[in-house]
Structure formats: structure tokens, C-alpha cells
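So the structure is just underneath, and the comments pick up after that.
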Amino acid sequence: MMNSAFFTALEKICPAERILTRDAQLLPYESDALTAFHLKPGAVVLPESEAEIIDTVRLCHEMAVPFVARGSGTSLSGGSLPIPDGLVIALNRLNRIKKLDPEQRIAVVEPGVVNLHITQAAAPYGLYYAPDPSSQSICTIGGNIAFNSGGAHCLKYGMTSNHVLGMKVVLADGALTQFGCESVEGVGIGPDLVGLFVGSEGLFGIALEITLRLMPQPELYRTVLAAYDDLGRAGDAVSMVVASGLLPGAMEIMDRLAIKAAEASVAAGYPDAEALLIVELEGEAPQVQAEFEQLRGIIEDSGAFELRVANSEEERDRIWKGRKGAFSAVGRLSPDYIVQDGVVPRSRLGEALLAIGALKRQYGLDVANVFHAGDGNLHPLILYDGREPGALERAEELAGEILALCVSLGGSITGEHGIGMEKREYLPAMFSEEEIDIMQALRRAIDPKEIANRGKMFPGGEAPALKQQGMHPLEKQGIISRE
Amino acid sequence: MATAIEKCVHCGFCLAACPTYSLLGEEMDSPRGRIYLMKNVLEDKLPAEEAQPYIDRCLGCMACVPACPSGVAYGDLLVGYRALQEKERARPPLDALARKMMIETLPYPRRFRLAAAAGKIGAALAPALPDAFASMLSLLPDRLPPPRPLPAVLPAQGDRRGKVALMLGCVQQALAPEIAYAAAHTLAANGVEAQIPQAQGCCGSILLHIGAAEQAQQIARRNLEAIPSDVDAIITTAAGCGSGIKDYALLFKGEPDQDRAADFAHKAMDFSAYLAELGLREARGFDSEVRIVYQDACHLLHAQGHEAEPRKLLASIPNLRLLNIADAGMCCGSAGTYNIDQPKIAAELARRKVESILAVEPDMVVSGNIGCMAQLRQQLKSSGNPLPVMHIAELLWQAHQR
């Protein structure tokens with residue numbers, strides 16, 4: 001536990017000014033990007049070296065103090081929610097790109113490096129880092145590894161796990177180990193331990209040094225925007241593209257509500273439509289050109305009423321900016337929302353969207369859809385007003401129904417946001433008791449005291465503090481009012 | 001304030017844009033963290049003085065505002081919160097003295113000249129003074145330049161293409177009167193009549209920036225009286241003044257002067273934006289290539305959204321080569337009185353900025369804001385690369401005279 005002996009020992013590892021214990025220092029760490037949950041940690045430590053992280057984890061193991069490793073706190077499943085009386089190990093100051101080797105096409109980075117910074121550093125060599133979560137401008141590689149983050153372009157290039165070649169790791173029991181190595185070939189020896197660690201939601205330990213694969217920048221992009229007067233039809237268009245054998249870099253759908261939010265946020269100039277389909281082709285110029293002709297035919301057949309093609313880098317950026325900021329932009333439409341992350345087989349996309357439409361009418365709640373259509377990864381945003389009694393509960397119930405729908409269609413409860421805190425009660429919908437037992441056994445083999453990100457992913461555990469309901473205290477007193 | 005707070009969905013997109021977060025890497029020093037702290041203070045869950053160090057460290061650079069997908073009006077929130085807290089706040093005696101000196105001198109050119117002269121005498125004492133005073137002194141030039149008087153009206157040359165009122169600025173008028181001089185003459189040379197009302201004063205934004213709302217309002221009211229209403233635009237040559245005046249509507253919200261203030265705010269326009277829209281009458285430039293870095297002032301780029309306009313103007317000057325620098329949108333650390341309030345962070349931001357400027361090997365740095373200019377000049381000097389630093393109006397005037 002976090003007693004004075006723990007703090008005395010911690011101060012020997014990290015100077016006291018990098019150990020945060022005052023309320024004003026702890027409150028901002030209460031939540032990540034899922035604000036429905038908030039919990040004040042016992043302390044936050046800001047290590048500045050690999051050795052400090054290792055010693056801190058060893059101390060936590062020795063004194064059985066639970067910890068959460070945290071990057072930029074952009075998790076949408078509460079994955080970096082603090083643990084009561086636990087330690088937050090904030091890795092933001094370990095943000096160096098230690099090596100960038102254009103010949104080997106690799107980058108060796110610390111866990112606090114921001115995703116986009118790698119692409120920026122690699123750009124002069126004609127290279128880039130492919131996984132592109134919508135939060136790529138701020139989310140860190142450590143968090144990407146914990147949640148096996150995807151992004152719009154993982155349709156073609158795969159998730160984070162396809163781009164991590166190796167890593168040095170401190171396991172939750174303090175053991176230091178190396179998974180994988182610096183080349184694509186070397187990973188083939190023995191079981192894929194990199195694959196085991198990536199996506200483990202912080203339950204196994206902390207990645208200290210990560211070797212990432214870099215890719216050559218595509219010679220040409222062709223970004224196409226198709227507008228539909230029906231959401232299901234846009235979903236069916238995705239199935240048609242997949243069935244044709246085309247493999248675009250990305251295929252995304254936004255519905256009317258999401259379009260409205262994105263327009264309000266970045267004025268992307270989207271057409272007025274029930275649904276928009278964004279398809280991006282990328283690769284060598286002649287191939288992209290040929291694929292584009294094929295794609296145009298498919299989209300015309302799919303019943304789109306408008307087809308636009310980005311003619312410049314700026315037009316392409318604007319299309320993506322609207323898409324990538326769409327989640328947060330929903331903050332303009334509603335005081336609160338829950339983002340879901342279910343997956344359905346791409347052939348059943350239209351069906352799933354229809355069913356979600358029926359559910360939202362049944363619950364009387366607005367749902368905005370903005371998602372990675374190409375791999376069937378839905379992101380319904382359930383809008384609610386937290387000050388309305390019972391609204392959060394109703395929204396959560398609807399979210400649960402959507403997840404059940406995904407599973408019943410042969411999909412999954414999460415595509416890329418992870419189970420975290422938010423979906424742990426839904427894990428049994430996906431896995432049998434035996435399967436969950438195997439996962440637990442594996443976890444205990446690495447972390448016998450269950451200190452790493454305790455309370456996440458598995459059902460049960462301590463109940464988190466749900467967001468306070470009702471009116472803002474100043475509102476009650478009549479001091480402030482809403483527009 | 002409540003709306004701004006509740007609009008924040010805690011997504012973290014603002015962190016990437018925030019200079020203090022990029023420097024310190026801790027959540028309390030991020031826009032999202034500060035919003036959360038302000039929320040907790042307003043809800044009585046956290047004593048204001050505990051949150052204060054982190055609010056104080058905010059540069060007010062507004063880089064988080066265009067970065068926010070949810071549209072949180074962070075600027076309104078910060079100004080409102082600071083004004084609210086300032087009323088109740090007890091400051092350590094030396095801080096309070098430095099602050100009072102700033103409030104009493106910065107907005108008044110004549111007083112500021114006197115104080116600056118006194119400061120020069122006091123410079124010998126600088127090493128013995130606390131940080132806040134030392135940095136105040138280090139910003140002052142060795143001697144003040146002579147005034148550059150301007151007539152009440154500078155007529156347009158040739159066909160009249162517009163009629164504007166020119167705001168002179170306060171600190172700027174004492175430290176660099178040549179900026180307003182160059183701006184007025186460049187406008188006139190481009191066919192714009194420049195009215196220079198003598199009764200005008202400081203815009204008040206430097207006071208608003210540090211939470212002295214009442215004093216800011218008094219000063220602003222004087223400008224509402226002094227500036228004629230029959231002009232096409234009210235031209236500012238300092239980034240902070242421009243965005244400060246654009247906030248006049250907010251400053252007078254619910255007061256009898258509200259409508260007049262809103263009109264005034266609506267007409268306010270930065271010198272570079274006005275001229276870029278009008279277009280230079282004739283392009284005169286340099287004989288051989290001059291490599292230039294344009295330093296974006298936060299209150300031009302983030303608060304007023306002028307990224308393209310100054311670049312368009314510069315691009316129209318023959319033989320001028322505009323260079324791009326890394327992290328162009330990051331604050332240089334000047335930020336109003338920031339390098340007086342937070343000297344260490346300000347110095348590190350200046351060091352980083354100058355590092356990215358020097359990396360592209362320019363001949364000259366151009367900016368649209370005197371605060372940035374003073375900051376960069378000092379940092380360039382201490383890095384051993386005293387490149388010329390010029391206001392965009394000065395550069396245009398210089399180019400025109402060729």
C-alpha cells in the first residue's frame with residue numbers, strides 16, 4: 001500500500017518535485033478521454049529515465065502498490081483511469097526518438113513519444129509510421145501498444161501489432177526482458193511475444209523502448225467522398241468495394257449527425273447528406289489510377305448522389321480533419337456522449353446500421369455514427385445529457401444493446417479502443433468462463449500481485465466512481481446558466 | 001464560463017498545441033487540465049490558491065482554441081476566471097508591487113517612458129533583484145528611441161482606396177514609435193487615408209490578460225470616444241491589441257456601451273490582414289534575395305486566425321524568400337507580461353523558437369507584434385546571432401522606399 005515507507009522509497013528513485021500528491025496536481029489525472037469515469041490517484045510520478053521506471057515498477061511490486069502507466073490520457077475505454085490508492089506512472093517525459101534508421105526503415109522510440117512525431121521525423125526520408133488513430137497528433141506509442149491501436153488506415157496496413165518489431169519491457173513483477181528484435185525476419189523465432197504484449201491493456205507491464213517499422217510514403221493518394229441519402233446504402237457500398245477485390249488504404253463512413261458536428265468544427269465542406277463514404281486509394285500512381293476507375297464504377301452503381309475527388313493536398317487534409325476530429329466535435333452537439341467500438345462483419349454493415357437506427361428510436365436517444373467501415377469497426381456515439389436523471393443509465397443500456405448486436409452478428413465488442421474500464425462487464429459476452437480463466441492465469445503468471453492496471457479488462461473488481469449526475473452546483477444556485 | 005467548461009470532452013487534442021504542456025509534460029499544465037482545475041475551483045472542490053500556479057503558467061497564447069474540435073472558448077474562460085480570481089487574490093508583496101507597476105505604467109506611454117528611464121538607472125541593481133524584476137529590466141532597451149510624431153490625418157496618396165483609424169499602441173509607442181510611423185506611411189502610400197486620433201490610449205488588453213478587468217474597461221471606454229466611427233477599419237499593429245479590441249464586445253457585455261463596443265470590435269483589423277485584402281499598390285523589393293522567417297504572433301495566428309495574410313503580403317515583395325520553420329505555431333514565450341511573470345518558461349520557449357529560426361539560416365526575422373520582436377531580439381543576441389528583427393510594417397515601408 002501507499003504508506004510513508006513507499007513514498008520514502010519512491011523519493012529515492014525520483015526527486016520529490018516529480019512526485020505529485022497535492023489535489024491540484026492529482027485532479028487533472030482523474031480521467032482520460034472517457035470522462036464518465038473519474039478516480040483520483042494516490043500519487044502521480046513523472047519518471048525521466050528508463051531506470052526510474054524500472055525501479056518504480058519494482059518498488060510497486062515489492063510493496064504491492066497498484067499502478068497505471070499513462071501516456072496522453074486519450075483512451076476512450078477508461079484504460080488509463082487511475083486506481084484508488086494507486087500510482088499513476090506518467091510517461092510523457094520519456095519522449096525521445098532514440099534512433100531512426102532509414103535504410104533499415106525502423107525507429108526506436110521511448111513510450112512517451114507521440115504517434116505523429118514519428119511520421120514527422122521520418123518524413124524527410126520518404127517514410128512514415130502507418131497506424132493513425134484519430135488522436136495521432138497527441139496519443140503516445142506506449143498507449144498505442146497497450147491498446148493495439150488502429151486508425152483509419154489499418155484497413156490496409158494492420159493495427160499497431162503489425163508495426164512493432166521489438167521492445168524492451170519491464171514486466172509487472174519487475175523483470176526486465178526483450179521481445180522481438182530490430183528486423184522483420186527476427187520476429188519469427190519462437191512464439192510471438194510482441195503480439196502477446198501489444199493489446200494487453202497495460203496488464204503485463206511497461207514497454208520501455210520500442211522498435212517500430214516505418215513504411216515508404218505512398219506515391220499517390222486518391223481521396224474520394226461519396227454522398228448518400230441513406231446510411232444503409234453507404235454501408236452496402238463498402239461491402240461492394242470489398243467484394244470487388246479492391247483494398248483501399250481507408251474506408252470511412254459518417255452519418256448526418258457526425259457530418260453536422262464535423263462541419264461545425266472544421267468546416268470541411270462536406271455535402272449535405274444522410275451519409276458520407278470516404279475512400280482513400282494509395283500506392284504507386286498507375287495502380288492507383290486504375291483502381292480509381294474501378295472504384296468510381298462501383299460507387300456510381302451503389303446509388304451515391306454525389307461523388308467528389310480531392311484535387312489537392314489541402315482538400316485531402318480537410319476531408320480527414322473533419323473525420324478525425326468528429327468524436328470530439330460531437331461535444332458541440334451534446335454535453336455528454338458515450339463512444340462505442342463494436343465490430344461487425346463488413347458484409348453485414350448495412351444490416352447493423354439499420355438495427356442501430358431502430359434501437360436509437362426505441363431508446364429516444366440520438367446516436368451519431370462515424371466509423372472505420374472498411375473493417376466493420378463501428379463507432380456509434382450515444383448522445384445524452386448527464387444532468388438529466390437516468391440519462392447516463394439509459395445511454396449505457398443502449399450501448400450494451402449495440403454491443404450485444406455486434407456479437408450476435410458475428411463481430412466483437414471492441415475494434416481498437418479496448419475493454420478498459422468501460423466494457424469489462426461485456427467480456428463474458430465474447431469469451432467463455434474457461435477462456436477468461438486462461439487469460440487470468442496468464443496474467444497472474446506475469447503479475448502475481450495483479451498490480452498492473454488492476455481493475456481493468458476483467459469483469460468485477462472495485463466499482464469506479466461514475467460521473468456525478470444532476471445540475472452543476474453553480475447552476476443550482478442560479479449563478480450560471482446554459483445557453 | 002460553465003458552457004465553456006462543459007463543452008470540454010477531455011479528448012486531449014489540445015495538449016499537442018500547448019507550449020507549457022510540451023515543455024513540462026504534466027496534465028495540470030495543459031489546457032484540458034486547466035479547464036478541469038477551474039471547474040473544480042468553481043464547484044468549490046478545490047481551493048483557488050492550489051490551482052493558481054497552473055493557471056498562472058498559462059501563456060494565454062490561444063493555440064488550444066483552433067486545436068479544439070469541440071469548440072471550447074478557452075480564451076473567454078481564462079479571461080473570465082482570471083478576472084474573478086484576481087478580486088480575491090492575495091499576492092506576495094514583491095509580486096504585488098511588480099504587478100501594480102505593470103498596471104500603472106504599461107498602458108500609459110508617458111509614464112512608461114519615465115519608468116523605463118528609471119529602470120535603466122535601476123539596471124545596475126538587477127542582479128540583486130528577484131526574478132520578476134530582473135526580467136522586467138532585461139526587456140528594456142538600453143535607451144528609448146526618439147518619438148516619431150504623426151499628424152492627426154495622413155492623407156492617402158493618389159486615388160483613395162480606403163480610410164482607416166490607426167491605433168498606436170501603448171508600450172509599442174514608447175519602445176518602437178517607428179512601427180506606427182511605418183504603418184501609417186505604408187497605408188498612405190497604398191492609397192489609404194490614416195486617421196490618427198490623438199486622444200486614443202492603450203487598448204486595455206494587457207490589463208485584461210492579467211485579470212485587471214475594471215481598469216481595462218476604463219481604458220477601453222476612452223477609445224470608444226476617441227476613434228471616429230466613419231472609417232472602414234480600425235487598424236492595429238500589435239497582435240495582442242487586435243485580439244484585445246476584438247474582445248471589447250465581451251468586455252462590455254450587458255453594459256450600455258455594449259453595441260458601440262461590438263461595432264468597434266467588428267471594425268478592428270490587423271495591419272497585415274487589411275493590406276493583404278487591399279493588395280499592395282506596387283511591388284517594390286530588394287535587389288538580391290533576402291531570406292526571411294515570419295514569426296507568427298499567437299494573437300495573430302491563433303486568436304485572429306491570420307496565417308495566410310501576412311505571408312501573402314511578404315510573398316508579393318520581389319526577391320524576398322519566405323522560409324518555413326518547425327513548430328511555427330508555438331509561442332515564443334513573450335505573451336504579454338509572461339516573461340515578467342514566468343521568466344524560466346518564457347526563456348526556454350524563446351530558446352526553442354530561436355533554435356528553429358536559426359536552423360533555416362535566415363537573414364532577417366519579421367513579425368507582426370512588438371512583444372515577439374523584443375523576445376526574439378534578446379534571445380538572438382544572447383545566442384550570439386543578432387539578426388535584424390523587424391515589424392512587417394517596417395519591412396514594407398523599407399521595401400517601398402527603394
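Nothing in this text is a laboratory measurement; each read-out follows from the coordinates by a stated rule. Remember, predicted model here, so these are calculated numbers, not experimental data. Quick reminder, even Gly has a Cβ in these numbers, built from the backbone with ideal geometry, and neighbours come from all protein chains shown.
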- prompt: For q = 0.12, 0.21 Å⁻¹, what log10 I(q)/I(0) does segment A:144-212 give under the Debye formula with an equal point scatterer on each alpha carbon and no solvent?
  reply: -0.29, -0.85
- request: Excluding residues on the same chain fewer than 8 positions from B:Lys353, give the lysines whose Cα lies under 18 Å from its Cα.
  value: B:Lys344, B:Lys381
statement: Taking chain B and a Cβ-Cβ threshold of 4.7 Å, the cysteines left without a partner are B:Cys8, B:Cys11, B:Cys18, B:Cys58, B:Cys68, B:Cys332, B:Cys372
query: Which whole-percent values make up P(r) of segment B:2-88 when all C-alpha to C-alpha distances are grouped in 10 Å steps starting at zero?
result: 18, 57, 24, 1
task: Could you tell me what % of all Cα pairs in chain A have separations over 29 Å?
output: 51
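As a test, work out the antiparallel percent of DSSP beta bridges whose residues both lie in chain B, rounded to the nearest 5.
Taking every DSSP beta bridge within chain B, about 10 percent pair in antiparallel fashion.
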- prompt: Placing +1 at every Lys and Arg Cβ and -1 at every Asp and Glu Cβ, with all other atoms neutral, what dipole size does the protein assembly as shown have around its Cα centre, in debye to the nearest 20?
  reply: 2900
- request: Run through the DSSP bridge list for chain A and note the antiparallel percent, rounded to the nearest 5.
  value: 90
- line: Final fewest-first order of B:Phe286, B:Phe252 on the 10 Å Cβ neighbour count is B:Phe286, B:Phe252
- request: Starting with the fewest neighbours, write out A:Leu225, A:Leu39 ranked by other beta-carbon atoms found within 10 Å of each beta-carbon.
  value: A:Leu39, A:Leu225
field: Cα centroid separation, segment A:67-88 to segment B:1-27 (Å)
entry: 17
task: Please give the length that would be gained between B:Lys381 and B:Ala152 if that part of the chain were fully extended, namely 0.36 nm times their separation in residues minus their C-alpha to C-alpha distance (nm, one decimal).
output: 78.8 nm
- prompt: When chain B is modelled as a GNM with alpha-carbon springs shorter than 10 Å, which of B:Leu251, B:Leu24, B:Leu300 fluctuates the most?
  reply: B:Leu24
- prompt: Given the convex hull of the Cα atoms of segment B:153-276, what is a quarter of its surface area in nm²?
  reply: 7.1
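What's the local net charge at B:Asn369, with K and R +1, D and E -1, over the other residues with C-beta under 11 Å away?
Residues near B:Asn369 contribute -2 overall.
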statement: The helix A:256-266 Cα axis meets the longest alpha-carbon principal axis of chain A at an angle in degrees, between 0 and 90 and rounded to 10, of 70
message: Which residue, B:Ile196, A:Ser312, A:Pro15, has the largest displacement toward the positive end of the dipole of the protein assembly as shown when charges sit on each Cβ (Lys, Arg +1; Asp, Glu -1)?
response: B:Ile196
- prompt: Taking the alpha carbon gyration tensor of chain B, what are the square roots of 5 times its eigenvalues, largest first, to the nearest whole Å?
  reply: 32, 24, 22
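Semi-axes of the equivalent ellipsoid for segment B:336-390, please: Cα gyration tensor eigenvalues, times 5, square-rooted, ordered largest first, whole Å.
18, 13, 9
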query: Separation between the B:Met364 and A:Arg256 pseudo-spin-labels, each 7 Å from Cα along Cα→Cβ, expressed in nm?
result: 5.6
message: Can you give the FRET efficiency to the nearest 0.05 for A:Glu388 and A:Asp229, using r as the Cβ-Cβ distance and R₀ = 35 Å?
response: 0.65
- request: Just grab the label-to-label distance for A:Thr21 and A:Ala267, each label 7 Å out from Cα along the Cβ direction, in nm (one decimal).
  value: 5.1
task: Give me Rg over Rh for segment A:4-90, both radii from the alpha carbons and Rh done the Kirkwood way, two decimal places.
output: 0.95
query: In what sequence do B:Thr337, B:Thr236 fall when counting other Cβ within 10 Å, fewest first?
result: B:Thr337, B:Thr236
- line: Computed over chain B: longest principal axis from alpha-carbon atoms vs helix B:93-105 long axis, angle to nearest 10 degrees, is 30
message: List residues of segment A:196-230, by number, whose backbone nitrogen lies under 16 Å from a label position 7 Å along Cα→C-beta of A:Glu300.
response: A:225-227
field: Convex hull per residue volume in Å³, alpha carbons only, for segment A:97-216
entry: 94
- request: Would you kindly state how much longer the chain becomes between A:Arg316 and A:Glu48 on full extension, computed as 0.36 nm times their sequence separation minus their alpha carbon distance, in nm to one decimal?
  value: 92.7 nm
- request: Take the Cα radius of gyration of segment B:189-261 and divide it by 2.2 N^0.38 Å, with N its residue count; two decimals is plenty.
  value: 1.12
task: Report the local net charge at B:Asn319: Lys and Arg +1, Asp and Glu -1, summed over other residues whose C-beta lies under 9 Å from its C-beta.
output: -1
- request: Calculate the length of the line joining the C-alpha centroid of segment B:209-235 to that of segment A:188-235, in whole Å.
  value: 53
Full-stretch length increase - A:Ala445, A:Lys99 - with 0.36 nm per residue and alpha-carbon distance subtracted: 121.3 nm
- request: Quickly work out the A:Thr8-to-A:Ala243 label distance, labels modelled 7 Å from Cα along the C-beta direction, and quote it in nm with one decimal.
  value: 7.2
field: Relative contact order %, segment B:2-88, counting alpha carbon pairs below 8 Å whose residues are six or more apart
entry: 35
message: Straight-line reach from B:Lys100: which lysines fall under 20 Å, measuring Cα to Cα and dropping same-chain residues less than 8 apart?
response: B:Lys87, B:Lys120
field: Descending semi-axes in whole angstrom, ellipsoid equivalent of the protein assembly as shown, from the Cα gyration tensor
entry: 48, 33, 28
- request: Can you tell me the FRET efficiency between A:Ala285 and A:Leu307 if r is taken as the Cβ-Cβ distance and R0 is 22 Å, rounded to the nearest 0.05?
  value: 0.60
message: Explain nothing, just the number: dipole magnitude of chain A about its Cα centre with +1 on each Lys and Arg Cβ and -1 on each Asp and Glu Cβ, in debye rounded to the nearest 20.
response: 820
- prompt: Restricting to the protein assembly as shown, what percent of DSSP beta bridges are antiparallel, rounded to 5?
  reply: 70
